[in-house]
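The values are calculated or read from the model by the stated rules, or taken from the named source; none is laboratory data. Here the structure is a predicted model, which is why all the values come from computation and not from measurement. Methodologically, a virtual Cβ is constructed for each residue, glycine included, from the backbone with ideal geometry; neighbour enumeration extends over all protein chains shown. Just so you know, the surface numbers come from the protein's heavy atoms only, side chains and all, with ligands and any DNA or RNA stripped out. Shrake-Rupley method; radii C 1.70, N 1.55, O 1.52, S 1.80 Å.
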Amino acid sequence: MPSYYEWNTALIEHVTHGAPLGSTVYLEVSEESLARVGVQRWGTPPDGKSWRDDFVMAVQAGCLLGDRVTIDWMRGEDPRGRPLGVAFLGAMVLAASNMAADAAQAVHAKNYFRRLAEVLGLPRDVQGRPAGLPVGAEEPLWQAWVAFLRSRGYDSTARGGEGAWRFTGYPVSQSLIPRGERQRLARLFAERGYPATWDGETIASRLRAEGGVSVKVRELLHRTGAAAEDVQGALQEVLQAWHASGAAGGDVALGAALSARQVVAGLYREEHWLTGEPEYRLFPRQPRGVRLSAMHVELPGGAEALVVERPGYYRPVGTVTPAELHVGARYVVAGSAFVDALVLPARDYWVLRPDPDSAGQFASLGTPGVGEHLVLLLRDTLVEDVQRFREEGLLAWQGDAVPVGDGWVELHGVMVTANHWADVPAGKARGLHDALRPAGGISIHVEGGVRTQRAGAYLVGGEPQVRIMSFYQQADLTVLRNGVPVDARPVTPGETLTGVLSGPGEYELIAEARGARTVRLLSVVNWAELRAADVTPGTVLGVPVGGWHVLGAAVQASAGAAEVKQ
């Protein structure tokens, strides 16, 4: 039976695996998620029990002395700097996962602590909090979890409630789409015949257009930015679980949580080194909660390994022709019991953002921020609507639409220039209208700097410059280092700011303008924190180009031939 420490590590890795840098993280714990974690890490649960039972027993062993809860020791960290209280917090989330909520989405505290007592194996007739868990005793564990995530470049969604719901609000906030809502959505997907190849962005756009969802889901569909990407990921998970369950009526069984899923690919855009013509590759997004394994995808040109290139994304693979863009594609994935296919969704547009790791390249890298210059790849049937968006002052771009074949065109240097999207009809371009609509009207950009292997971290002396972009003429910037305010100033949007980050620490940049607010998390580390790269003896270094590797001025045959051209 896995120990408390093993479950603590497993939950942390489960909720952060596949999360792109800057994304939000939910500590979502349910019977389904525990089964998925357990099977991936340890296989069949011991003694005929469920993995939920095993998790509960491990937490009980770690936090109980007789009939008293003891969690003071959980305020520390493991040898790798990870907080020790995450498994206990997971038990608190599990207690809230199946509870009914009122119209304000607040769980009644009395009922909640009765459920928590059940999870902890304590008498259910005890009123209020369990013995040894006084009011607010768990809050430092939540704060340590939030601090840990921010130190890794993620933002936690754990928030306390208002008034009497302050502490019960934390576990309730971790369930993005509760189990009952998931069942209702699965039935809706079944009624409407939503295909398994749709990505989260497409699902959300169709639900907004077709309606028929609950108040809770309608609220989720109106979220923007990173919060919207969380919702899209959860919707895609529900859709894939329904298809995996094979339940015609839309009921999703526990077994669906353990079934194979699809990796959804976006696009990675490069330009041919000689002609300058655009070339598109599959840009697979790493599925959240799936442990890394030696997976490969079967492509027309042969098998290619799926290698994590950056948090949340695999390295680009294969090629995509304009003819494939409209109908989509599906390729077999081998090497994992939990992923069986790589899917390119059939869509009529793609929003491609600049790749911060490679100048001049563009990719499907999430929701664009204010002030970004994008490449729009779209069907020519949408050009009329997009031109109308420009006439309404919502967009600007450079030059004319450039045909790329099979009814597809590119628009270059596209920038969102205003925030009144709700006042302009979408026409045929409803999905694109939703995708381009900015979150709030303000964003934080970082430029230059010397980055480390750790995502979101820069070296002391190589801190990046900062720019605030906004639709408004004035904004305010607040800088926190290690949770302590160190700077607050009015800024002019578009102005390059130097010296915002100074010295090692965990930074939180908060930009605000007319009620709009955005946050960016960054780290500055000392040189001593750099780690040596792991290089297998005999590895050919450099950038692969065809059958060669380019390393500085040297060009070496990939097969390891001795010939080197200088």
Accessible solvent surface per residue of the chain, calculated while the other protein chains remain in place, 1.4 angstrom probe, Å² | 46
Taking alpha-carbon centroids only, region 320-398 lies from region 164-215 a number of Å equal to 24
Please give the helix 109-119 orientation as an angle from the longest Cα principal axis of the chain, in degrees from 0 to 90, rounded to the nearest 10.
-> 90
Using only Cα atoms, find the angle between the long axis of helix 200-210 and the longest principal axis of the chain, and express it within 0 to 90 degrees, rounded to the nearest 10.
-> 80
Compare 92, 57, 1, 469 by solvent-accessible area with a 1.4 Å probe and give them largest first, with all protein chains kept in place.
-> 1, 57, 469, 92
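What 222 nm value per residue comes from the helices of the chain, counting each DSSP H run with n ≥ 4 as -39,500 (n - 2.57) and dividing by all residues, nearest 500 deg cm²/dmol?
Mean residue ellipticity, 222 nm, calculated: -8000 deg cm²/dmol.
Which semi-axis lengths, in whole Å and largest first, follow from the square roots of five times the eigenvalues of the Cα gyration tensor of region 80-239?
Numbers: eigenvalues 195, 76, 36 Å².
Its equivalent ellipsoid spans semi-axes of 31, 20, 13 Å.
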Please go through region 444-548 and write out the GluC sites (Glu not before Pro) that DSSP classes as loop and that have at most 16 other C-beta atoms within 10 Å.
-> 495
Nearest-20 debye value, the chain charge dipole, Cβ charges on Lys, Arg, Asp, Glu = 1120
Computed over region 16-76, the distribution of all Cα-Cα distances in 5 Å bins, rounded to whole %, is 3, 14, 18, 18, 18, 18, 8, 2, 0
Whole-percent carbon and sulfur contribution to the accessible surface of the chain (1.4 Å, no ligands, DNA or RNA) stands at 51
Protection-proxy order for peptides 271-282, 373-384, each taking the mean of Cβ atoms within 10 Å per residue, highest first | 373-384, 271-282
